[in-house]
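Following: one structure in structure tokens, then a few remarks.
The values are calculated or read from the model by the stated rules, or taken from the named source; none is laboratory data. Note that the coordinates shown come from a computational prediction; the quantities given were computed from them, not determined experimentally. Cβ placement follows ideal geometry from the backbone for every residue including glycine, while neighbour counts extend to all protein chains displayed. Surface areas here come from the heavy atoms of the whole protein model, side chains and all, with no ligands, DNA or RNA. Shrake-Rupley method; radii C 1.70, N 1.55, O 1.52, S 1.80 Å.
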2 protein chains.
Amino acid sequence: MKIVKNPGLKEWELLTRRPSKSAAELDKMVDAVFENIRKKGDKALFDYTSEFDGVALKLLKIDSSVLKDASRLVPAKLKKAMAVAVQNITRFHLSQKEKIQKIETMPGVICWRESRAIERVGIYIPGGTAPLFSTVLMLAIPAKLAGCREIMLCTPPDKNGKINPAILYAANLVGVTAVFSIGGIQAIGALTFGTESVPAVSKIVGPGNQYVTAAKQRAQNWGVAIDMPAGPSEVLIIADKKADAEFVAADLLSQAEHGADSQVILVSTSEKIIADVQVELKKQLKKLPRKNIASQALKNSLAILLETDAACIGFSNLYAPEHLILATENATELAKKVINAGSVFIGRYACESAGDYASGTNHTLPTNGYARNYSGVSLDSYVRKITFQKISKKGIREIGPAIEEMAEAEQLFAHKNAVTVRLKKLKK
Amino acid sequence: MKIVKNPGLKEWELLTRRPSKSAAELDKMVDAVFENIRKKGDKALFDYTSEFDGVALKLLKIDSSVLKDASRLVPAKLKKAMAVAVQNITRFHLSQKEKIQKIETMPGVICWRESRAIERVGIYIPGGTAPLFSTVLMLAIPAKLAGCREIMLCTPPDKNGKINPAILYAANLVGVTAVFSIGGIQAIGALTFGTESVPAVSKIVGPGNQYVTAAKQRAQNWGVAIDMPAGPSEVLIIADKKADAEFVAADLLSQAEHGADSQVILVSTSEKIIADVQVELKKQLKKLPRKNIASQALKNSLAILLETDAACIGFSNLYAPEHLILATENATELAKKVINAGSVFIGRYACESAGDYASGTNHTLPTNGYARNYSGVSLDSYVRKITFQKISKKGIREIGPAIEEMAEAEQLFAHKNAVTVRLKKLKK
């Protein structure tokens, strides 16, 4: 880690910058793939899968027998662990159901909201070395709880054209409608435009690399909604002098192992803890199977010494981390001052891994500073909140004159007239 | 209106299509304006305002004395009407504040969400013939209630370089931080990139014409969040044979007068009501100051006869209207079957004008079929819901083994280790 001591406020902005990508070039690539999918449908998908994933598929959609069969291939211990995660994720996301509150804003004027699930959604599960079945749980459980009728899942096949059984098992367990062996930009294109095999969806959710993220952002220009732009993962840890250096180092590494482009930041008022963590990092890094990835990520990472707690939380709010771990004695107090973050972990036992897998909170979170303007995935990601209103005779009499006055001032006389004809008829 | 009798299911999709725009051309225009603003800042804004609004401004930001002075120029009756609207909009949007619910997903594992306001937001108020102060109320009241620290408002100046006093009065009344005389694509560009005068914001909300909408969609590729793509306004009315043709016609016209590109659709199981509404439309149209606009909009509009209530609501769900008026005896029942709509008006006295101005619901709503995947503006539009978790010693012992199991299965050993080091230390 690069250690920065007491940087001035002017330097803060520079320190919070993420490595930038050339958006224009990515956009061009996305546009070309999208155009091809619009024109050629499935054929384009087969071609890209052959080109990028190095495998010639016969079918894009996973057969339902393969889906069901996956259960056999997943160890019982893992199924049991997944069941714990499913239970906790379900409990937490169920609590996000909004109760209907009818509000009488004026006598006879009643307004309320009701949630309706988006009918068909698409879920993207990244490929790579690790089979991210946990992301299947995180994305599909709230979709199902919200009441989405169709949940389409896309994930890239491996070199043998297969999807990891743990992913298929998880998908089947939590009610995914269909699984497609499609990855990258082409998966987002398929879900956006629809092809012979893949139905178009109204919203696409899920994390991805820079290509997937660029494709999701572009999909918005084609009428599809997305959860958020979710790029390389990141954590910021605020640790005080009493923090456990072993725990802090372990948490930093659990983020660093995600990818060479992961962002890992330690902020502290204690020079000693920063030094101790460096020692622990070296020690723990040696034993990690993914030590090459993690040590690359650490090279781009920062340990920042600041003078006060207020400065630590101030820096964190400016950085807007995806994950924020408060490894301090006053963590509960500090949590109240969080303005920008995706998910916050309070105290020494709330490690990021807990939220990544099983505590119940969602792990699909805004990265790259997007915690300033986006929330993580939740039940809200899968519903529209529709407003309803009922107005009685008394209600229109109460509210009518104000509407007439305002409509006239906006020179919208037909708006005014819609009230006037009603008030007139009530006078008869 | 074009009258269509008992169309087959195959025709439905065609009937629900909106007039399409050439997105690619708009995108090019947006990119050019954005590029210019990034390079030249305020200078580009002054140039575009001169070119598009035909006025050479000296300042982009409205002076605070002008803001305060606007109160003098607004009639007392209008101020009183606005006060009614402010009260109702405030009441309804306050009810959207989420209470914190701490969920113990497992013994010792506590998860919850807290809302945090987006720090700086931008509001766009369209220009044109009508001074849309009502949109100022609809966008700024929930921003203020959510706790946004800075609310920046952009709206195009008139030919004399002025902003209508009703807009300035409304902005001042509900706590807008600053008002800028900037319209169109350049307003969205200014809020996206920031210039010498205009600070960059994290989210842009508000309706607009096709240029503004295209610019908002493009702004998302530059890290800014938006409320939704909100294009030309639209209403769908389901009326039964007992509906009041005069009311229905008045409601159709109140939508049609918005613009020649407004969409107005009547769906009914009664041939008689369709015929009666046509007669009423002619009668009421004559008296409207904006009859040219409204009659153009009506030309593109449809009256559709269907056989059953189920078909009527089915058609509406496929169309996904911004506004849905249920002018039927069984409106309350029908409302339960709504899947896709922005805002729903139940019964004969709930006219769209009520929601447009004063009942309390928001009038910034998804158009163009976006009701399938977007909600209208609400308190939610201005907050991020951040997840928090606290895990006790007992909690990590309970949940730890499941996390270790899943992390190992995903081959993320540093994730596993973050739990292992904690469990080990607890055993000591």
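Here A:T364 clears all of (1) within 7 Å of chain B (Cβ to nearest Cβ); (2) at pLDDT 95 or above; (3) assigned to a loop (DSSP other than H, G, I, E, B) except the condition numbered (1). Of the residues B:A414, B:A350, B:A354, the single one that is part of a helix (DSSP H, G or I), within 26 Å of the chain's Cα centre (by Cα) and modelled with pLDDT of 95 or more is B:A354. Scanning segment B:381-415 for residues being within 7 Å of chain A (Cβ to nearest Cβ) and either in contact (Cβ under 8 Å) with a residue 24 or more places away in the chain or basic (K, R) (or both) gives a total of 13.
The set of residues from segment A:20-45 being touching a Gly at 6+ places or on another chain (Cβ under 9 Å), part of a loop (DSSP other than H, G, I, E, B) and open to solvent by 70 Å² or more (accessible area, probe 1.4 Å) comprises just one member, A:K21. Inside segment A:80-139, can you point out the residues that are under 18 Å from the mean Cα position of the chain (by Cα) and of a type in the set (V, I, T)? A:V86, A:I89, A:T90, A:I118, A:V121, A:I123, A:I125, A:T135, A:V136 - these are the residues of segment A:80-139 that are under 18 Å from the mean Cα position of the chain (by Cα) and of a type in the set (V, I, T).
Would you be able to say whether some residue in segment A:151-171 is part of a helix (DSSP H, G or I), under 21 Å from B:N373 (Cα atoms) and hydroxyl-bearing (S, T, Y)? No, there is no match, as no residue in segment A:151-171 is part of a helix (DSSP H, G or I), under 21 Å from B:N373 (Cα atoms) and hydroxyl-bearing (S, T, Y). One residue stands out in segment A:367-409 among those that are in a loop (DSSP other than H, G, I, E, B) and at pLDDT 95 or above: the one that is farthest from the chain's Cα centre (by Cα), namely A:S392. Within segment A:169-181, the residues that satisfy the criterion of being open to solvent by 10 Å² or more (accessible area, probe 1.4 Å) and touching a residue at least 60 places away in the same chain (Cβ under 8 Å) are A:Y169, A:N172, A:L173, A:V174. Taking the condition of being within 7 Å of another protein chain (Cβ to nearest Cβ) and more than 29 Å from B:E13 (Cβ to Cβ), how many residues in segment B:332-349 meet it? The qualifying residues number 2. In segment A:95-106, the residue that is farthest from the other protein chains (Cβ to nearest Cβ) out of those that are out of contact with any Pro (no Cβ under 9 Å at 6 or more places or on another chain) and closer than 25 Å to A:L137 by Cβ is A:K97. With respect to (1) in contact with a helix residue (DSSP H, G or I) (Cβ under 8 Å, 6 or more places away or on another chain); (2) assigned to a loop (DSSP other than H, G, I, E, B); (3) surrounded by fewer than 15 Cβ atoms within 10 Å (Cβ to Cβ), the lone exception for B:R17 is condition (1). Only one entry in B:L324, B:L318 is open to solvent by less than 10 Å² (accessible area, probe 1.4 Å) and more than 22 Å from B:T90 (Cα to Cα), namely B:L324.
Looking at A:R397, A:R384, can you tell me which residue is in contact with a Leu (Cβ under 7 Å, 6 or more places away or on another chain) and more than 30 Å from B:A402 (Cα to Cα)?
Of the residues listed, the single one that is in contact with a Leu (Cβ under 7 Å, 6 or more places away or on another chain) and more than 30 Å from B:A402 (Cα to Cα) is A:R397.
Of the residues making up segment B:202-253, those that are of a type in the set (A, V, I, L, M), in a helix (DSSP H, G or I) and within 13 Å of another protein chain (Cβ to nearest Cβ) are B:A214, B:A215, B:A219, B:A245, B:V248, B:A249, B:A250, B:L252, B:L253. The numbered conditions (1) over 30 Å from A:R120 (Cα atoms); (2) surrounded by 22 or more Cβ atoms within 10 Å (Cβ to Cβ) are all true for A:H363 except (1).
Considering (1) in the same structural domain as B:E35 (by TED's automatic domain parsing); (2) open to solvent by 20 Å² or more (accessible area, probe 1.4 Å), the lone condition that B:E246 does not fulfil carries the number (1). The condition of being over 17 Å from B:I123 (Cβ atoms) and either open to solvent by 20 Å² or more (accessible area, probe 1.4 Å) or at pLDDT 95 or above (or both) holds for only one of B:S268, B:S202, B:S197, B:S301, that being B:S268.
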